[in-house]
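This report concerns only the one structure given below.
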């Protein structure tokens, strides 16, 4: 990972799994990035934060429906809340927590990391964490950045997360993509050492096909791929002793949500196969053992003595 050249972070070996759980079969992690239909990044039509309050919202009904689907399947997941959404809809944070889901931070203003200064990023990190912890009255440990936009040009990213009080992150996308994407040889969870302390990193899951790293497990990738391919690729990753990290947005189970103006290719990536997402989630919950980051860490890793996370 190129960021190690900056001497701000050091990547340890991949985190070892406990032997007893390897024999019982690997679990996968399911996560929700809780944001609204107008939070699609990096478009001329994406509204500024000042306009968000005036726009119609679908996040409440879509998120609650998603929670109902997960409750039917008796699955507990991680909900990475955009701080702005949490502040406007605090009852959604409380409802998700009351149903047994973990609450994590998705930042406050849904800005790309590489478009912020280190200080701006630190302020965004702390504001979102403060909002969530005020609502929950308990600590928030997990973070995921907007658009997986950590890159080699943001080597301060991990240290700022640790300084803000988070203990794990799931922002690295270890393959090229439209925005973000970070070269890394670590495809499973690993520990990052920063000047401010350790951070457990869960990179977004990719698997190599003909030498190329590909994702089938979230967003447009999940919507585009046939379920049989997603199932087979999930089995392939699990056989490699890595958890699969699935991610969705509430709007992705709502084919009728409002649309932003965009070009053909971006429209295809943003809105393809919206009608398939809910069914795929139900099938994943039936075919695989899904859990939250919090529960995965607790079940699979020695948190204090070995990794201090």
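The values are calculated or read from the model by the stated rules, or taken from the named source; none is laboratory data. Since this is a predicted model, take the numbers as computed values, not measurements. FYI the Cβ positions are ideal-geometry reconstructions off the backbone, even for glycines, and counts take in every protein chain you see.
Could you check, for region 17-35, whether at least one of its residues is at pLDDT below 95 and under 19 Å from residue 104 (Cβ atoms)? Write out each step before concluding.
Taking region 17-35 as the starting set, the residues that turn out to be at pLDDT below 95 are 17-27.
Still in the list and also under 19 Å from residue 104 (Cβ atoms): 27.
For region 17-35, residues at pLDDT below 95 and under 19 Å from residue 104 (Cβ atoms): present.
Kindly check whether there is at least one residue in region 73-89 that is touching a residue at least 40 places away in the same chain (Cβ under 8 Å) and out of contact with any helix residue (DSSP H, G or I) (no Cβ under 7 Å at 6 or more places or on another chain).
yes
Kindly evaluate residue 131 against the criterion of being in contact with a strand residue (DSSP E or B) (Cβ under 8 Å, 6 or more places away or on another chain) and buried (at least 20 other Cβ atoms within 10 Å of the Cβ). Give the steps one after another, and end with the answer.
Working: in contact with a strand residue (DSSP E or B) (Cβ under 8 Å, 6 or more places away or on another chain): no; buried (at least 20 other Cβ atoms within 10 Å of the Cβ): yes.
Criteria not met by residue 131.
Return the residues of region 158-179 that are more than 16 Å from residue 190 (Cα to Cα), modelled with pLDDT of 95 or more and in contact with a helix residue (DSSP H, G or I) (Cβ under 6 Å, 6 or more places away or on another chain); say none if nothing qualifies.
160, 164
Go through region 153-168 and count every residue that is within 16 Å of the chain's Cα centre (by Cα) and within 14 Å of residue 200 (Cβ to Cβ).
Residues of region 153-168 that are within 16 Å of the chain's Cα centre (by Cα), as a first pass: 157-158, 161, 166-168.
Remaining after also requiring within 14 Å of residue 200 (Cβ to Cβ): 158, 161, 166-168.
Residues flagged as within 16 Å of the chain's Cα centre (by Cα) and within 14 Å of residue 200 (Cβ to Cβ) within region 153-168 amount to 5.
For (1) assigned to a helix (DSSP H, G or I); (2) farther than 27 Å from residue 47 by Cα; (3) at pLDDT below 95, each residue gets a yes or a no:
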residue: 100; (1), (2), (3): no, yes, no
residue: 104; (1), (2), (3): no, no, no
residue: 110; (1), (2), (3): no, no, no
residue: 127; (1), (2), (3): yes, no, no
residue: 138; (1), (2), (3): no, yes, no
residue: 151; (1), (2), (3): no, no, yes
residue: 154; (1), (2), (3): no, no, yes
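Look through region 239-259, keep the residues that are at pLDDT 95 or above and assigned to a helix (DSSP H, G or I), and return whichever of them is farthest from the chain's Cα centre (by Cα).
253
If you go through region 222-255 one residue at a time, how many are buried (at least 19 other Cβ atoms within 10 Å of the Cβ) and closer than 20 Å to residue 172 by Cβ?
12
Would you confirm, using the coordinates I've provided, whether residue 203 is out of contact with any helix residue (DSSP H, G or I) (no Cβ under 8 Å at 6 or more places or on another chain), surrounded by fewer than 22 Cβ atoms within 10 Å (Cβ to Cβ) and within 27 Å of residue 38 (Cα to Cα)? Give the derivation first.
Working: out of contact with any helix residue (DSSP H, G or I) (no Cβ under 8 Å at 6 or more places or on another chain): yes; surrounded by fewer than 22 Cβ atoms within 10 Å (Cβ to Cβ): no; within 27 Å of residue 38 (Cα to Cα): yes.
No: the conditions fail for residue 203.
Answer with yes or no whether residue 66 is out of contact with any strand residue (DSSP E or B) (no Cβ under 7 Å at 6 or more places or on another chain), in a helix (DSSP H, G or I), at pLDDT 95 or above and surrounded by 19 or more Cβ atoms within 10 Å (Cβ to Cβ). Give the steps one after another, and end with the answer.
On the way: out of contact with any strand residue (DSSP E or B) (no Cβ under 7 Å at 6 or more places or on another chain): no; in a helix (DSSP H, G or I): yes; at pLDDT 95 or above: yes; surrounded by 19 or more Cβ atoms within 10 Å (Cβ to Cβ): yes.
For residue 66, the condition - out of contact with any strand residue (DSSP E or B) (no Cβ under 7 Å at 6 or more places or on another chain), in a helix (DSSP H, G or I), at pLDDT 95 or above and surrounded by 19 or more Cβ atoms within 10 Å (Cβ to Cβ) - is not met.
Please specify each residue of region 262-309 satisfying the condition of being assigned to a loop (DSSP other than H, G, I, E, B) and at pLDDT 95 or above. If you could, list the steps in order and put the result at the bottom.
Applying the first criterion (assigned to a loop (DSSP other than H, G, I, E, B)) to region 262-309 yields 262-263, 272-273, 288-289, 292, 301-302, 308-309.
Once the filter is applied, which keeps residues that are assigned to a loop (DSSP other than H, G, I, E, B) and at pLDDT 95 or above, region 262-309 yields 288, 289, 292.
From the list 82, 55, which residue is surrounded by fewer than 18 Cβ atoms within 10 Å (Cβ to Cβ), at pLDDT 95 or above and more than 30 Å from residue 232 (Cα to Cα)?
Values: 82 fails: surrounded by fewer than 18 Cβ atoms within 10 Å (Cβ to Cβ).
After applying the criteria, what remains is 55.
Looking at (1) over 26 Å from residue 276 (Cα atoms); (2) touching a strand residue (DSSP E or B) at 6+ places or on another chain (Cβ under 9 Å); (3) part of a loop (DSSP other than H, G, I, E, B), which is the only condition residue 192 fails?
(3)
Can we say residue 75 is part of a loop (DSSP other than H, G, I, E, B), in contact with a strand residue (DSSP E or B) (Cβ under 6 Å, 6 or more places away or on another chain) and surrounded by 18 or more Cβ atoms within 10 Å (Cβ to Cβ)? Give the derivation first.
On the way: part of a loop (DSSP other than H, G, I, E, B): yes; in contact with a strand residue (DSSP E or B) (Cβ under 6 Å, 6 or more places away or on another chain): yes; surrounded by 18 or more Cβ atoms within 10 Å (Cβ to Cβ): yes.
When the stated conditions are applied, residue 75 passes them.
Going through region 256-273 one residue at a time, which ones are in contact with a helix residue (DSSP H, G or I) (Cβ under 6 Å, 6 or more places away or on another chain) and loosely packed, with under 13 Cβ neighbours inside 10 Å? Outline the logic, then answer.
Initial filter on region 256-273 (in contact with a helix residue (DSSP H, G or I) (Cβ under 6 Å, 6 or more places away or on another chain)): 257, 269, 272-273.
272 - this is the single residue of region 256-273 that is in contact with a helix residue (DSSP H, G or I) (Cβ under 6 Å, 6 or more places away or on another chain) and loosely packed, with under 13 Cβ neighbours inside 10 Å.
Does residue 97 meet the test of being in contact with a strand residue (DSSP E or B) (Cβ under 7 Å, 6 or more places away or on another chain) and free of Cβ contacts under 8 Å to residues at least 60 places away in the same chain? Steps first, please.
Details: in contact with a strand residue (DSSP E or B) (Cβ under 7 Å, 6 or more places away or on another chain): yes; free of Cβ contacts under 8 Å to residues at least 60 places away in the same chain: yes.
It is true that residue 97 is in contact with a strand residue (DSSP E or B) (Cβ under 7 Å, 6 or more places away or on another chain) and free of Cβ contacts under 8 Å to residues at least 60 places away in the same chain.
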